[in-house]
Amino acid sequence: GALSGLFFGLAAFPAGAAGDLPGPDLVLTNSASRDHIDLTGAWTYSIDPYRDGLKSFHGNGPGLGHRRYETTDVEAVTRENPTARYEYDMRREKIVTLPGSWINHAPELRHYDGLMWYAREFDAAPEGDERAFLRFGAANYTAHVWFNGEFVGRHDGGFTPFAFEVTDLLEDGENLLVVGVDAQRTDQTVPPPVTDWETYGGLTRPIRLVYTSETFIDEARTWLGRDGRIMAELALDGPGAAGQAVSVTIESLGLTLDGRTDRNGMWQGSIAAPDTLSLWSPDNPTLYDVTFAAGDDTLPERIGFRTIEVRGTDILLNGEPIYLRGISMHEEELGSDPGRIMTEPAIRALLSEIKDGLNGNFVRLAHYPHSELTTRLADEMGLLVWSEIPVYWLIDWNNDDTLAEARMMLAENMMRDMNRASIIIWSVANETPVGDARNSFLRKLIADVRQRDDTRLVSAALLTESTTDNGTMRSWIDDPLADDLDILAVNTYNGWYGGPDLDGVDDIVWEARHEKPMIFSEFGAGALAGFADEEARRKFSESFQADYYRATLAMSENIPFLKGMSPWILKDFRSPRRQHPVYQQGWNRKGLISETGQRKQAFHVLSDFYREMQTAGT
Ligand code: GCB
């Protein structure tokens, strides 16, 4: 976690002291490309609703009979000693396929929100000086990890990757990995307990035992600077990290950058971009094969080169003004019983609806970091991305631990995805009420983003103010944070949650109080697919939703500084707080497609609107 702001005036800080910028110790850039044992597949699981396996009845740690993380062969021990007391046996538990969330393990776990134990045995054959790391794509929300009976670490935060080194614990032969996953959110977590989506507790992303050489490339990035130079940075980990010869090669461009790491194992370099460089954009999502090398280690990546900046009220991609034709999306696959299991075909199906179905060029990945596969596919398919952390609604703004958790999440998300050309915006919050404590909390996050990556834009989804004089509604952003952001983003629901009738929506006047581009990070209305009502414009009918889109899109055309939108939302998604017995039944119905992929009328309204824009070249 050492690479941070090397190019941005912090080169004087020794490793680990780059300002007070927090970050994970291990990044394991593109770990999927490394030698690894895939630990997805069959695991056993056991519920522990009282968290007894962590605390026990007097709170001083579980007794022998409850330590699910130990390697004890319970069956063998109890055969030997019939009075031995064991109240678990992970080897004989129910079996489930991971990644996944317990919502799909069994019907009675539909609303389970406690601690779940998962266990998996596997064979390994460590070689020579190789190092070994357990790497989790995500565990929602807290993970307690034991390997071969030893506690190796805990991680908080449901949507970002983490890794623990287990080189010294790895056995030649059989190994046992046990993970306690706790989905419970509290008033101090990020997000807090009340959200508008399904929690999906579990081990929801790939799990791997990753091998590396003794000294390896932990972080590696390359990108196009706004000054037209290709920049690159590396950070090595291991006994040979300092003074190591390193290189970055982009063979198809005939480019090699090389040099030697400093005493902290870090290196940075740059080279003028050749004229032959094909810039990445949604219309031309060119990715280059890049090879990072250091000592015995090489690391492949596929990377696009582009610039993103704002000028006045414009957003410039590769120096040209662009309008973000977007949609918001939750991480939830199509189907009537989703589990947040994002396979490549599942992600492709959703992103193609945006790219080909809606004629879009932009996706807001709401409200938390989505899987690494999603941002990689956005690179490949050509979709610009808004990437966000779940600083959502009612965060405990005065709590230092909560702030620390949010900052770590932000760091983990950014460091995982620094090489993704698709990501143009890091967002730090959604719909958070203005106040001193909140403002300083979010300013800290904004400062972290800028310190770590000043090549992308910073935003947050804000709330608006409005007044109505003589029947005309005027809206504006009344938030001191607007001064700190590059792009202003607002969620607006006039015609659905209050505001005028649909007929009046396009008369709303949006005032510019800042010389910055604005986007609608959300607007939307619910509709049950297939529901038509003889009373036109009845809420939850498809025609109401379509009219709502017509009205809001008409309004959008009157706002000169509006430079994009990501309406709410691509697909109906599970939300336990949406319990209207007829229209919702546990689903937020603002999707343009139903949970099974049926397109609603409003889908076509937005698709036509975007097609015209695309044709007009705006
Ligand atoms: C919002 C939230 C989003 C909700 C949406 C809604 O403003 O940001 O998470 O799901 O409204 O449907 O009400």
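The values are calculated or read from the model by the stated rules, or taken from the named source; none is laboratory data. Quick caveat: nothing in here was measured; it's all calculated off a predicted structure. Methodologically, a virtual Cβ is constructed for each residue, glycine included, from the backbone with ideal geometry; neighbour enumeration extends over all protein chains shown.
So here's what we get for this one:
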| read-out | value |
| --- | --- |
| Single match in R306, R376, R364, R325 (criterion: away from the ligand (no atom under 16 Å from the Cβ) and either among the hydroxyl-bearing types (S, T, Y) or assigned to a strand (DSSP E or B) (or both)) | R325 |
| Some residue of the range 17-29 being of a type in the set (D, E, K, R) and not in a loop (DSSP other than H, G, I, E, B) | no |
| Residue that is surrounded by fewer than 16 Cβ atoms within 10 Å (Cβ to Cβ) and either outside the structural domain of V181 (by TED's automatic domain parsing) or acidic (D, E) (or both), where the choices are E70, E108, E93 | E108 |
| Candidate set: the range 458-497, residues that are farther than 19 Å from N430 by Cβ and within 16 Å of the ligand (Cβ to nearest atom); chosen: the one surrounded by the fewest Cβ atoms within 10 Å (Cβ to Cβ) | S466 |
| Pick from the range 418-439, criterion within 16 Å of the ligand (Cβ to nearest atom) and under 17 Å from the mean Cα position of the chain (by Cα), ranking: nearest to G319 (Cα to Cα) | I425 |
| Test: residue in the range 605-613 that is without any contact (Cβ under 8 Å) to a residue 12 or more places away in the chain and not assigned by TED's automatic domain parsing to the domain that holds G360 | yes |
| Residue in the range 150-202 that is surrounded by the fewest Cβ atoms within 10 Å (Cβ to Cβ), counting only those that are within 16 Å of the ligand (Cβ to nearest atom) and of a type in the set (S, T, N, Q) | T195 |
| Test: Q545 is within 16 Å of the ligand (Cβ to nearest atom) and in a loop (DSSP other than H, G, I, E, B) | no |
| Selected residue (criterion: surrounded by the most Cβ atoms within 10 Å (Cβ to Cβ)) from residues of the range 564-582 that are of a type in the set (K, R) and more than 28 Å from I487 (Cα to Cα) | R574 |
| Yes/no for G265 being touching a residue at least 60 places away in the same chain (Cβ under 8 Å) and out of contact with any helix residue (DSSP H, G or I) (no Cβ under 9 Å at 6 or more places or on another chain) | yes |
| Residues satisfying the stated conditions in the range 417-465, i.e. modelled with pLDDT of 95 or more and of a type in the set (S, T, Y) | S422, S427, T432, S440, T455, S459 |
| Filter result for F540 (closer than 26 Å to L463 by Cα, within 15 Å of the ligand (Cβ to nearest atom), more than 28 Å from the chain's Cα centre (by Cα) and touching a residue at least 40 places away in the same chain (Cβ under 8 Å)) | yes |
| Candidate set from the range 583-609 (those that are of a type in the set (K, R) and crowded, with 23+ Cβ neighbours inside 10 Å); member that is nearest to the ligand (Cβ to nearest atom) | K590 |
| Positions within the range 498-516 being under 18 Å from L553 (Cβ atoms) and more than 16 Å from the ligand (Cβ to nearest atom), in sequence order | P500, D501, L502, D503, G504, V505, D506, D507, I508, V509, W510 |
| Number of the exception - N398 against (1) in contact with a strand residue (DSSP E or B) (Cβ under 7 Å, 6 or more places away or on another chain); (2) surrounded by fewer than 24 Cβ atoms within 10 Å (Cβ to Cβ); (3) part of a loop (DSSP other than H, G, I, E, B) | (1) |
